[in-house]
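FYI, it's all coordinate maths here, none of it is from the lab. Treat the numbers as computed from the prediction; the structure is a model and nothing was measured. Using ideal geometry, Cβ is built from the backbone for each residue, glycine included, and neighbour counts are taken over all protein chains shown.
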Amino acid sequence: APNGLLRPEGAPLTVIAHRGASAAAPENTLAAQEVARRAGSDWIENDVQPSRDGVPFVLHDGTVDRTTDGTGAIRNLTSAQLKALDAGSWFAPHFTGARLPTLAEQLADLRSRGGNLLLEIKGAHSRDEVARIVEVIRAERMTTRVFVQSFDVESLRHTRALAPELPLGLLRSTLDADPVALSKELGLAAYNPSDGALTTRPSVVADLHAAGVAVMVWTVDSATAWQRLEGYGVDGVITNRPAELAGWNAAQ
Ligand code: G3P
Ligand code: CA
């Protein structure tokens, strides 16, 4: 079957909201997810890591310091401690009271309101930690609306073993020598390089497409860059400005 992440000829770029609409609302909160959904994002990207008691939470950094009113490493904080934090006031007073969502809360919100999740397993996860993520996705009945990505190859191998039904993407900040061979070995649906990495060798897009692998590029916020990436033939763009990318698509 054709890979549903591949962009048909002439179709708009797939819009992926980086950490939600994170230029307009505090990243990785349900508020950012709501703005991203209203912007018409095809996918909402997040970052997942476990609390001390093993609950998958949505947070980018290894610590809560930058994006909450607390301090400390997420892996040292319990879910009760994480739920008590304010994850909005650092961004703007209007968002005071926003919480760090658990993965379950985020998925429940997407299921009831609409939207698909590009879930980034952030950093190395053990098999048991990946199993907990898979358990949550299944419990929320969202396996058909989640696409998993990671920089961590072992986490992708765990995901493939535990949940072969989930499409996988490999994040890269430099290109591998042979992205097609690696994609085949890992069973990838997508190979997701940074814009800087892809620009060193844009011809990998055609090679990956020939192998049925999609290409989603991060994190790109300007129309000049969207135009260039469209010319490379990429399938989608991960952006902090999903409304602007959707508008740019509509104007093409
Ligand atoms: O989705 C790609 C991008 O999110 C990877 O970088 O640091 O924002 O997680 P980072
Ligand atoms: Ca990310």
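When residues of the range 242-252 are filtered for being buried (at least 17 other Cβ atoms within 10 Å of the Cβ) and over 14 Å from the mean Cα position of the chain (by Cα), how many remain? Steps first, answer last, please.
Our first condition is that a residue be buried (at least 17 other Cβ atoms within 10 Å of the Cβ); within the range 242-252, this holds for 242-246, 248-249.
Among the residues that remain, those that are also over 14 Å from the mean Cα position of the chain (by Cα) are: 243-246, 248-249.
Here the count works out to 6.
So which of 220, 213 is in contact (Cβ under 8 Å) with a residue 24 or more places away in the chain, more than 16 Å from ligand 1 (Cβ to nearest atom) and either touching a Lys or Arg at 6+ places or on another chain (Cβ under 8 Å) or more than 11 Å from residue 13 (Cα to Cα) (or both)? Even if it seems obvious, please write down each step before you answer.
Numbers: 220 fails: more than 16 Å from ligand 1 (Cβ to nearest atom).
Selected residue: 213, the only one of 220, 213 that is in contact (Cβ under 8 Å) with a residue 24 or more places away in the chain, more than 16 Å from ligand 1 (Cβ to nearest atom) and either touching a Lys or Arg at 6+ places or on another chain (Cβ under 8 Å) or more than 11 Å from residue 13 (Cα to Cα) (or both).
Looking at the range 115-134, which of its residues are assigned to a helix (DSSP H, G or I), out of contact with any Gly (no Cβ under 9 Å at 6 or more places or on another chain) and not small (Gly, Ala, Ser)?
In the first step, residues of the range 115-134 are kept if they are assigned to a helix (DSSP H, G or I); the result is 127-134.
Narrowing further to those that are out of contact with any Gly (no Cβ under 9 Å at 6 or more places or on another chain): 127, 130-131, 133-134.
Within the range 115-134, 127, 130, 133, 134 qualify.
Here is a yes/no grid of residues against (1) over 23 Å from residue 150 (Cβ atoms); (2) buried (at least 21 other Cβ atoms within 10 Å of the Cβ); (3) among the acidic types (Asp, Glu):
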residue: 23; (1), (2), (3): yes, no, no
residue: 29; (1), (2), (3): no, yes, no
residue: 40; (1), (2), (3): yes, no, no
residue: 48; (1), (2), (3): no, yes, no
residue: 51; (1), (2), (3): no, yes, no
residue: 54; (1), (2), (3): no, no, no
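So in the range 73-89, with the set limited to residues that are charged (D, E, K, R) and part of a helix (DSSP H, G or I), which one is surrounded by the most Cβ atoms within 10 Å (Cβ to Cβ)?
83
Please state which of the following conditions residue 180 fails to meet, knowing it meets all the rest: (1) closer than 18 Å to residue 56 by Cα; (2) of a type in the set (Val, Ile, Thr); (3) without any contact (Cβ under 8 Å) to a residue 60 or more places away in the chain; (4) buried (at least 16 other Cβ atoms within 10 Å of the Cβ).
Going through (1) closer than 18 Å to residue 56 by Cα; (2) of a type in the set (Val, Ile, Thr); (3) without any contact (Cβ under 8 Å) to a residue 60 or more places away in the chain; (4) buried (at least 16 other Cβ atoms within 10 Å of the Cβ) one by one, residue 180 breaks only (1).
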